[in-house]
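Have a look at the structure below before the remarks.
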Amino acid sequence: FSKSEIFIKEPNVALKVNLGFQADDTILLYSGNILYRWQCFPETVRLAEWIIRELPNVKLLVLTRVDDMLHAERVLSSSGISKNNYRIKNVDFRDMNDYLSISSFGFALRHSHRMNYCTPAAKIVEYAAAGVIPITTMAMGDYGFELRKIGITTVLDDVEFIGENNMNALVLSVQNSNSSAIRSALSDWAGSYCYENTGPQYIEQLVCEKII
């Protein structure tokens, strides 16, 4: 069996409906804290606003800590996204798989900065393993290159230089990339990539520690 059979859950449609969305809505997910500039939440909202304006069946789901919910509401209420098109939630980590299961795309934008090249967010792999297509940038270490190699078209060059052409291209990607085949390939990549890059070293470390 493939790795995607382990990680990808069937969509929890009841959860989507309970959130006030339609069963066939496409969900853009933002998962994480939002207060720090490097987390690019305003840029995320800007992109989401553009996509939702062009594709009415697309909605935004923000999962964040309780302390950040008010700030998230301020940013979103001052945007062009209507309240019907977004939800802000704080959820228990044990429920995360259900929320990932209803999400088609996941935001993990970063500015071009040396720190991001050295320590890219592991959220990319979390999204990918669950079959959630990352919307990210080439500032994410080697993730951007790897995702482009397997045909993921939602990797932007730089979040600071997003023009109308980039926005329109992203809309097309969201419109055309939402398929089970892409999600399965993405999940398989996440499992293989993590094992090839961290598995053997981690196992070797455990063995050495056991011997020592």
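Once ligands and nucleic acids are excluded and a 1.4 Å probe is used, how much of Val91 is accessible, expressed in Å² to the nearest 10?
About 40 Å², rounded to the nearest 10.
Would you kindly find the accessible area of Arg87, with a 1.4 Å probe and non-protein molecules such as ligands, DNA and RNA excluded, rounding to the nearest 10 Å²?
Roughly 60 Å² of Arg87 is accessible to a 1.4 Å probe.
With every protein chain kept in the model, how would you rank Asp24, Asp158 by accessible area, 1.4 Å probe, largest at the top?
Numbers: Asp24 120, Asp158 30 Å².
Output order, biggest surface exposure first: Asp24, Asp158.
Considering only protein heavy atoms, what is the solvent-accessible area of Phe21 at a probe of 1.4 Å, reported in Å² to the nearest 10?
About 10 Å², rounded to the nearest 10.
Take Glu43, Glu54 and sort them by solvent-accessible surface of the protein heavy atoms, 1.4 Å probe, largest at the top. Mind showing how you got there, number by number?
Details: Glu43 45, Glu54 90 Å².
Solvent-accessible surface, decreasing: Glu54, Glu43.
Let me understand region 1-88 better: what is its radius of gyration from the alpha carbons, and its Dmax, in angstrom?
For region 1-88, the Cα radius of gyration and maximum Cα-Cα distance read 14.2, 47 Å.
Using the Cβ atoms and a cut-off under 12 Å, what net charge is assigned to the surroundings of Leu61, where Lys and Arg are +1 and Asp and Glu are -1? Walk me through the numbers before you get to the answer.
Details: positive: Lys16, Lys59, Arg87, Lys89; negative: Asp25, Asp98.
Taking every Cβ under 12 Å from that of Leu61, the sum is +2.
Please give the per residue accessible area of region 19-58, computed with a probe of 1.4 Å over protein heavy atoms only, in Å².
Values: 1810 Å² over 40 residues.
With all protein chains present, region 19-58 gives 45 Å² per residue.
The values are calculated or read from the model by the stated rules, or taken from the named source; none is laboratory data. If you're wondering where the values come from, they're calculated on a predicted model, not measured in any experiment. Virtual Cβ from ideal backbone geometry, glycine too; neighbours counted across all protein chains shown. The accessibility values were calculated without ligands, DNA or RNA, using every heavy atom of the protein model including side chains. Shrake-Rupley method; radii C 1.70, N 1.55, O 1.52, S 1.80 Å.
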